[in-house]
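Enquirer: I am attaching a structure below and will ask some questions about it afterwards.
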Amino acid sequence: MNRFFTLLLLTLFLSIISCKKSEIGNQMGCVSHKSFSDTKVYKDALKKFKLELPKDWKTQLYVDEYKSEIYTADTTIELTSSFILDVAWHQGSVEFNEEFVKKFVDIQLKNELLLLEQGEMTVKGFPAFYDHSKGHQNGFDFNFIQIYIKTKPDEYYTLSSKVYGIENIDERLCTSLAILDDLEFIE
């Protein structure tokens with residue numbers, strides 16, 4: 001009987017730790033997300049972070065002296081059925097204050113974006129700021145989420161998801177946020 005309870009407890013424990021919850025997605029109201037098979041772990045050029053992505057997605061790396069970036073999208077399906085992700089490490093400082101928020105307002109006005117939601121959050125134990133906007137580009141409506149994460153006084157990350165079209169917006173946003181939530185910082 002003891003073996004039965006031990007096995008039961010072990011099974012319960014393993015099922016709890018294997019059920020990944022999306023920290024970012026949960027903070028932004030997501031309930032569930034889609035998982036992918038046949039993935040590959042990509043490291044940015046400066047080896048500051050890594051991200052697990054489907055192998056068949058088009059993924060590009062970019063680097064300069066102040067930035068290291070991974071840009072990716074599923075180009076095997078239509079743009080209005082997918083999303084575009086951009087994750088970047090930045091050398092420089094960022095402060096989540098009134099001036100920072102005003103820059104978002106200025107960018108939104110300039111690009112004719114409609115603010116849906118913005119505010120502070122915590123990502124992987126670090127202070128973060130997010131902005132969720134809506135706009136129109138190249139004949140398509142789109143939703144745009146951008147997250148700034150301050151990891152050190154002189155370093156920060158930007159995570160963004162752009163979801164084009166008008167169908168399954170919430171599902172695609174939540175899936176993209178779950179992928180971004182799997183981001184691992186490399187120390």
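Enquirer: Spelling out what I want: for every residue of the stretch 102-107, take phi, set θ = phi - 60°, compute 6.51 cos²θ - 1.76 cosθ + 1.60 (Karplus), and round to whole Hz; glycine and proline get x.
Expert: My calculation for the stretch 102-107 gives 4, 4, 4, 4, 4, 5 Hz in order.
Enquirer: Which residue, E155, E98, E112, tops the fluctuation ranking in a GNM of the chain built on C-alpha contacts under 10 Å?
Expert: Result for the chain, Cα springs under 10 Å: E98 fluctuates most.
Enquirer: While we're looking at this one, here's another question. Taking a 27 Å limit on the Cα-Cα distance, which of the listed pairs K43/K103; K50/K152; K40/K102 fall beyond it?
Expert: Details: K43/K103 30 Å; K50/K152 18 Å; K40/K102 38 Å.
Where the Cα-Cα span goes over 27 Å, the pairs concerned are K43/K103; K40/K102.
Enquirer: Relative to the present Cα-Cα distance, how much length would full extension add between E95 and L61 at 0.36 nm per residue of separation?
Expert: Numbers: separation 34, 0.36 × 34 = 12.24 nm, distance 2.64 nm.
Once the chain is fully extended between E95 and L61, it gains 9.6 nm.
Enquirer: Of the accessible area of the stretch 20-166, with the probe set at 1.4 angstrom, what percent is carbon plus sulfur?
Expert: Working: 4150 of 8410 Å².
C and S fraction of accessible area: 49 percent.
Enquirer: Regarding the stretch 121-187, what whole-number volume in Å³ per residue does the convex hull of its Cα atoms give?
Expert: Values: hull volume 6.4 nm³, N = 67.
For the stretch 121-187, the hull spanned by Cα atoms encloses 95 Å³ per residue.
Enquirer: Further, regarding this structure: Which residue fluctuates the most in the chain, going by a Gaussian network model with Cα springs under 10 Å, if the choices are A128, A45, A88?
Expert: A45
Enquirer: Take every Cα pair under 8 Å in the chain that's 6+ residues apart, average their separations, divide by the length, and report that relative contact order as a whole percent.
Expert: Numbers: 339 pairs, mean separation 44.5, N = 187.
Across the chain, relative contact order equals 24 percent.
Enquirer: When the expected Rg is taken as 2.2 N^0.38 Å, what fraction or multiple of it is the alpha-carbon Rg of the chain?
Expert: In units of the 2.2 N^0.38 Å rule of thumb, it is 1.14.
Enquirer: Taking θ as phi - 60°, what are the ³J(HN,Hα) couplings along the stretch 50-62 by the Karplus curve (6.51, -1.76, 1.60), each to the nearest whole Hz, with x for Gly and Pro?
Expert: In residue order, the calculated couplings are 9, 8, 8, 9, x, 4, 8, 7, 7, 10, 10, 10, 9 Hz.
Enquirer: Count charges around T39 for me, please; just the other residues with Cβ under 11 Å from its Cβ, Lys/Arg as +1, Asp/Glu as -1. Please list the in-between numbers first.
Expert: On the way: positive: K40, K55; negative: D38, E52, D56, D182.
Result for the neighbourhood of T39: -2.
Enquirer: Which of rounded, prolate or oblate describes the stretch 49-118 when judged by the alpha-carbon gyration tensor and an a/c cut-off of 1.5? Before the final figure, lay out the partial values.
Expert: Working: a/c = 2.77, a/b = 1.36, b/c = 2.03.
Judged from the Cα gyration tensor, the stretch 49-118 comes out oblate (a/c at least 1.5, b/c at or above a/b).
Enquirer: With springs connecting C-alpha atoms under 10 Å apart, model the chain as a Gaussian network and identify which of I169, I77, I24 has the largest mean-square fluctuation.
Expert: Residue with maximal mean-square fluctuation among I169, I77, I24: I77.
Enquirer: Moving on to the next point. How far is helix 2-18 tilted off the main Cα axis of the chain, in degrees rounded to 10, range 0 to 90?
Expert: Value to nearest ten degrees: 10.
The values are calculated or read from the model by the stated rules, or taken from the named source; none is laboratory data. Note that the structure is a prediction, hence the values are computed from the model and not measured. Note: ideal-geometry Cβ built from the backbone for every residue, glycine included; neighbour counts use all protein chains shown. Just so you know, the surface numbers come from the protein's heavy atoms only, side chains and all, with ligands and any DNA or RNA stripped out. Shrake-Rupley method; radii C 1.70, N 1.55, O 1.52, S 1.80 Å.
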